[in-house]
Amino acid sequence: MPSRLLLLPLALALGPLAPPPPAQAQTQASQASTVQPGTAPTAADDLLYRELGGRESIQAFTDDFYDRMLQDARIAHYFDGINMKYLKRVLADYFCVVAGGPCVYDGVGMKDAHAHLGIDRAAFNALVENLQLAMDAAGVPFGVQNRLLARMAFSHSDIITK
Ligand code: HEM
């Protein structure tokens, strides 16, 4: 739905879309700390992880998400020559950790991983659109999607360098 997609950049910049998150989610966000510089905030509990359906479901929508990005002419070129198998795994671990799941993220910090890519806001927003489409296709409820996006919002200043 286009109007929803247009709101996504705002979701990342400002936090979750309406309806507002429950008090518990707000508490979690304010308690978030960084486990690796510029990488992933820790969550207070695994509620969001469970709502996303666990590690296997996260891997499934992450795989679909990357497949969609490779089909998206706005951003596909960023992934030329990249080891997609590795990227799909570490990104699913990243989402899992951000959501409070029992995973270990062993990838590179967000700043270092993206510094050489020259990512602008439009590319960032295109990526988020694809992530939402993949979560939609996987049946992840809208509110749950927004809470995951909100927890990733902290990283956009590390990723957008242009
Ligand atoms: C919140 C948004 C994003 C998150 C959470 C994210 C997450 C990640 C993670 C976890 C990695 C793996 C780091 C490693 O090598 O260990 C990675 C690498 C990468 N990301 Fe992102 N990313 C985001 C935005 C973007 C955007 C907007 C683009 C381009 C349109 C992008 C393109 C890439 C590429 C090409 C790599 C591989 C870099 C390399 O191996 O040289 N990412 N990202």
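A short reminder: the numbers here are calculations on the coordinates, not readings from a lab. These figures come from a predicted structure and were not determined experimentally. Note that each Cβ is placed from the backbone with ideal geometry, even for glycine, and that neighbours are counted across all protein chains shown.
Results, tabulated for the structure shown:
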read-out	value
Total formal charge among the other residues, if their Cβ is under 15 angstrom from that of GLY101, Lys/Arg +1 and Asp/Glu -1	-1
Cα-based reach from LYS85 at 16 Å (exclusive), listing aspartates and glutamates while leaving out same-chain residues under 8 positions away	GLU56, ASP63, ASP64, ASP67, ASP93, ASP106
Whole-angstrom Cα spans of segment 91-162 along principal axes, big to small	34, 28, 17
Within-10-Å neighbourhood charge of LEU127 [Cβ basis; K, R +1; D, E -1]	0
Net charge, ALA113 excluded, C-beta distance under 15 Å - Lys, Arg +1, Asp, Glu -1	-1
